[in-house]
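The values are calculated or read from the model by the stated rules, or taken from the named source; none is laboratory data. Computed from a predicted model, the values in this text were never measured in an experiment. Positions of Cβ are generated from backbone atoms using ideal geometry, with glycine treated the same way; all protein chains shown enter the neighbour counts.
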Amino acid sequence: MTFINYAAREINCKIVYYGPGLCGKTTNLQYIYDRTNPAAKGKLISLATETDRTLFFDFLPLDLGTVKGFKTRFHLYTVPGQVFYDASRKLILKGVDGVVFVADSQEARMEANAESIRNLDKNLKDQGYDISVIPYVLQFNKRDLPTAVPSDEMYRQLNIKGEPTFEATAPTGVGVFDTLKAVARQVLMELKKK
Amino acid sequence: MSTPDLVLYDEEFQKIKDALGRLRQDSNANVVFLVDKNGQQIAAMGDMTNLDTTSLASLTAGNVAATDGLARLIGEKEFSILFHEGEKDNIHISIVAQRVILVVIFDERSSLGLVRLRVRRATSELDRIFEEITEKAAREKSNLSVEFESPFSEITDDDIDRLFSE
Ligand SMILES: Nc1nc2c(ncn2[C@@H]2O[C@H](COP(=O)(O)OP(=O)(O)O)[C@@H](O)[C@H]2O)c(=O)[nH]1
Ligand SMILES: [Mg+2]
């Protein structure tokens, strides 16, 4: 649900980073946070367990600048990846404007990726959204690992609608902003249709 | 989409701020603000220095969402009021117009009883304002393009590239 405030001349959009546990969602946000100038970002909030696993969500508010005289404010959220946090994942998808699916490139995680996309599809549906319509970007993360599955093979297995796809190594930032930009572009282009 | 977009114009925004301002004064609260259920701040009144309102908004929405989830688990529709008591400051959270969260932060200069009383009055006022907002949005949709031209109908790729070049 995009929130357009004509009085304050602001657009607020919600982007959710989805994916299996440990695929690099929090690392994406951390990198964006580290590389954004202080005036344009709020606090990075992590509701995490003591062992640093995301418990409820990470949250990063980002001011990107203006479009047509409106300040664009993106709220980035990550979901907890572990299977047993499904209830929290559902809550975080409420009011989502765009989704980034972060896939883990390691061979051993391919089934977890596929399972997580099925879970996303179902949870979106439960909230009244359609994955084939909502702004959606696919990221292949951990490209630096020797066990990484070739990108074209990942694309074959995970792509659902010819969505924009990016290779990434989140800790060093490779592909991180390209991914964000691609989803932001789709979300803002949606506003044209309204 | 499941929830319609929230579109806020000057007139209603001003009314909301007036209502929040009155509530703050009448309840002796430090801060009063409104957040939508997705964590986006709508308006705030009071002393916001040293207060990270964006984080506050997101966490409040997360809190309400989790509590709603808990309510449904035990067969309740919702818990209509949340109250967190601190050593100095307290937070009172309630829902208005079914879709917006009203947050009141107060200290010993006020009391839970007073806040409750004043929140009740402000709630019916805010309910009315949000009804107007919904009606206005519906009207705008039906006489689409007649008067209302969205400023975003002209967004180009260049506009978006520029966002990321700074
Ligand atoms: N080698 C490598 N490690 C990564 C990459 N992205 C994330 N990690 C590591 O994977 C682990 C889990 O990352 P995290 O962002 O917490 O995953 P989340 O569960 O999706 O939030 C951390 O130790 C990260 O440092 C990557 O591209 N390459
Ligand atoms: Mg995480």
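Tabulated data for the structure shown
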| quantity | calculated |
| --- | --- |
| Near pairs, Cβ below 7 angstrom, 6+ apart or cross-chain, from the range B:71-89 (within 21 Å of B:Arg109 (Cα to Cα)) to any residue that is assigned to a loop (DSSP other than H, G, I, E, B) | B:Lys88/B:Asp107; B:Asp89/B:Asp107 |
| Tally of residues being in a helix (DSSP H, G or I), closer than 20 Å to A:Pro164 by Cβ and of a type in the set (Asp, Glu) across the range A:101-141 | 1 |
| B:Ile93 surrounded by 20 or more Cβ atoms within 10 Å (Cβ to Cβ) and in contact (Cβ under 8 Å) with a residue 12 or more places away in the chain | yes |
| Subset of the range A:162-186 [of a type in the set (A, V, I, L, M, F, W, C), within 16 Å of ligand 2 (Cβ to nearest atom) and either in a loop (DSSP other than H, G, I, E, B) or more than 14 Å from every other protein chain (Cβ to nearest Cβ) (or both)] | A:Ala168, A:Ala170 |
| Conditions (1) touching an Asp or Glu at 6+ places or on another chain (Cβ under 7 Å); (2) more than 10 Å from ligand 2 (Cβ to nearest atom); (3) within 12 Å of chain B (Cβ to nearest Cβ): number failed by A:Ser46 | (2) |
| Check on A:Ser116, within 16 Å of ligand 1 (Cβ to nearest atom), within 10 Å of chain B (Cβ to nearest Cβ), closer than 24 Å to B:Gly69 by Cβ and of a type in the set (Ser, Thr, Tyr) | no |
| Count - residues of the range B:103-133 that are of a type in the set (A, V, I, L, M, F, W, C), in a helix (DSSP H, G or I) and crowded, with 17+ Cβ neighbours inside 10 Å | 7 |
| A:Asp58 vs. criteria within 13 Å of ligand 2 (Cβ to nearest atom) and modelled with pLDDT of 85 or more | yes |
| Among the candidates A:Gly65, A:Gly95, residue that is at pLDDT 85 or above, of a type outside the set (Asp, Glu) and closer than 19 Å to B:Thr60 by Cβ | A:Gly95 |
| Unique residue being hydroxyl-bearing (Ser, Thr, Tyr) and surrounded by 20 or more Cβ atoms within 10 Å (Cβ to Cβ) when the list is B:Thr67, B:Thr53, B:Thr60, B:Thr49 | B:Thr60 |
| Qualifying positions in the range A:16-43 - in contact with a helix residue (DSSP H, G or I) (Cβ under 9 Å, 6 or more places away or on another chain) and away from ligand 2 (no atom under 15 Å from the Cβ) | A:Arg35, A:Lys41, A:Gly42, A:Lys43 |
